[in-house]
Amino acid sequence: MNITGSRCQCTACGEHFNRVSTFDRHRIGNYAAPGEWSGNRGCMTVEEMTAKGWRTNATGWWVTGGSFWKPQP
Ligand SMILES: [Zn+2]
C-alpha cells in the first residue's frame with residue numbers, strides 16, 4: 001500500500017486513513033495531564049468508526065464520506 005500525500009497509517013492501531021484530518025479524528029481521549037504518567041488517549045475502534053458512518057474505500061483507506069465514498073444502494 002502506497003502512503004503518499006496526506007494519507008497516513010496509524011502506528012497505534014494500524015489502520016490507514018485517506019486524510020490526516022480523518023486520522024486526527026480517530027484519536028480520542030485525553031493526553032496525560034501534568035503529573036500523570038499517561039492519559040487515556042487512544043484510537044477509536046473499527047466498530048466506533050463504522051458507527052460514525054465512516055467507511056473504508058475500495059483500496060482500504062478510511063474515509064468520512066464526501067467524494068471519496070458513495071453509499072451503496
Ligand atoms: Zn489508530
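Each value in this text was obtained by applying a stated rule to the coordinates, not by laboratory testing. This is a predicted model, so every value here is computed, not measured. As a convention, Cβ positions derive from the backbone with ideal geometry for all residues, glycine included, and neighbour counts pool all protein chains shown.
Under a plain spin-label model, where a point goes 7 Å from the Cα along Cα-to-Cβ, how far apart in nm are residue 45 and residue 10?
For residue 45 paired with residue 10, the spin-label model returns 1.2 nm.
Could you give log10 I(q)/I(0) at q = 0.24, 0.33 Å⁻¹ for the range 6-53, computed by the Debye formula over C-alpha point scatterers of equal weight, without solvent?
Debye curve over Cα of the range 6-53, log10 I(q)/I(0) at q = 0.24, 0.33 Å⁻¹: -0.89, -1.23.
What does the charge count near residue 17 come to, summing +1 for each Lys or Arg and -1 for each Asp or Glu among other residues with Cβ under 15 Å from its Cβ?
Numbers: positive: 7, 19, 25, 27, 52, 55; negative: 15, 24, 48.
Neighbourhood net charge equals +3.
Kindly state, to the nearest 0.05, the FRET efficiency for residue 27 paired with residue 58, given R0 = 25 Å and r defined as their beta-carbon distance.
Values: r = 25 Å, r/R0 = 0.98.
Using R0 = 25 Å, I get an efficiency of 0.55.
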